[in-house]
Amino acid sequence: MSFRTPSINTVSISGNIVRDAEVNHVGEANTPVTTITVAHNQRYKAKSGKWQETVSFIDVEVWGALAERDAYYKKGVPVIVEGVLKGNQWKDKEGKSHSKVVVRAAKIHVLMYPDKEEKTEE
């Protein structure tokens, strides 16, 4: 009997952006890329019966045209991110290996657009 496990890698995260995004351009194609961090708050009832809250900070890689929408990726803006999990590995200056799992965004739904700066009359 042969059993084939399906390969599924999808994730949806909601939360608020924790800092303003900055777009960089990488490679010969000068591809736009940015990383946003989303704070996801989760409430649960503890054994004591009191409500508790934990916060998870999730890094999200944003590539291409989606990265160029950085004017919307401002601190405090609520978003829903749809994408896939991606493992990143690198070595630091001392040669020590590191790894981290991030979300690679396929879609970002901005739930509230940041206010435009108000012009003041002098």
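Taking label positions 7 Å along the Cα-Cβ direction at both Tyr113 and Asp20, the computed distance is 1.8 nm, reported to one decimal. Assuming a ≥ b ≥ c are the square roots of the Cα gyration tensor eigenvalues, decide whether the chain counts as rounded (a/c under 1.5), prolate (otherwise, with a/b larger than b/c) or oblate. Verdict is oblate for the chain. Is the stretch 1-70 rounded, prolate or oblate when judged by the Cα gyration tensor, a ≥ b ≥ c being the square roots of its eigenvalues, rounded requiring a/c under 1.5 and prolate requiring a/b larger than b/c? Oblate is the answer for the stretch 1-70, as a/c is 1.5 or above yet b/c matches or exceeds a/b. Within the accessible surface of the chain, defined with a 1.4 Å probe on protein heavy atoms only, the carbon and sulfur portion equals 49 percent. Taken per residue, the accessible surface of the chain reaches 79 Å², heavy atoms only and a 1.4 Å probe.
Taking a point 7 angstrom from the Cα of Asn30 along the C-beta vector, which residues in the stretch 50-93 have backbone N less than 16 Å away? What the label zone holds, given the 16 Å backbone N cut-off, is 64-65, 68. Here the chain is assigned +1 on the Cβ of each Lys and Arg and -1 on the Cβ of each Asp and Glu. Its dipole about the Cα centre then comes out at about 960 debye. One Cα centroid belongs to the stretch 8-33, the other to the stretch 54-84; the line between them spans 6 Å. For Ala71 and Phe3, the FRET efficiency from 1/(1 + (r/R0)^6), where r spans their Cβ atoms and R0 equals 41 Å, is about 0.30.
The values are calculated or read from the model by the stated rules, or taken from the named source; none is laboratory data. For clarity, every value in this text was computed on a predicted model and none was experimentally measured. All Cβ positions, glycine included, derive from the backbone under ideal geometry; neighbour counts span all protein chains shown. Keep in mind that these areas ignore ligands, DNA and RNA; they rest on the heavy atoms of the full protein, side chains included. Shrake-Rupley method; radii C 1.70, N 1.55, O 1.52, S 1.80 Å.
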